[in-house]
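**Student:** Structure below; questions to follow.
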Amino acid sequence: MQPTPYREPNEHRTTRQRAGVFKGGRAAQERAAHGVTTTGRQEDTAAHTWRLCLMAMTFERELAPLDMTRILEFCVLHDLGEAIHGD
């Protein structure tokens, strides 16, 4: 099986399709609780995403062979589907 070639995230997308991401972002923002931390505190999606980005940046040296921009894009977008459609 051939690996899928990397495409720029907005390649072949219309302005309307790209603007649709903000609708999903709003859903993520409005989602009351994403999960529970190890201390038992409920964490919303924004706090979860922020902590994940912070963790990636903290370990940037160890992740050096990887593209940090793509890692941070993943950190920001990884829960968007759940925010829109639920768990």
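**Student:** Return yes or no: is GLY81 at pLDDT below 65, in a helix (DSSP H, G or I) and out of contact with any Ser or Thr (no Cβ under 7 Å at 6 or more places or on another chain)?
**Tutor:** No, not satisfied.
**Student:** Taking the range 14-50 on its own, how many of its residues are at pLDDT 75 or above, assigned to a helix (DSSP H, G or I) and over 18 Å from HIS78 (Cα atoms)?
**Tutor:** Looking only at that region, the number is 0.
**Student:** Something else about it: Could you grab me the full set of residues in the range 51-76 that are surrounded by 13 or more Cβ atoms within 10 Å (Cβ to Cβ) and either polar (S, T, N, Q) or in a loop (DSSP other than H, G, I, E, B) (or both)?
**Tutor:** Correct list: LEU63 only.
**Student:** Under 8 Å between Cβ atoms, at least 6 apart or on separate chains: pull out the pairs that start in the range 61-80 with a residue that is closer than 16 Å to ALA47 by Cβ and end on any residue that is in a loop (DSSP other than H, G, I, E, B).
**Tutor:** So the pair list comes out as ASP79/HIS34.
The values are calculated or read from the model by the stated rules, or taken from the named source; none is laboratory data. Remember, predicted model here, so these are calculated numbers, not experimental data. All Cβ positions, glycine included, derive from the backbone under ideal geometry; neighbour counts span all protein chains shown.
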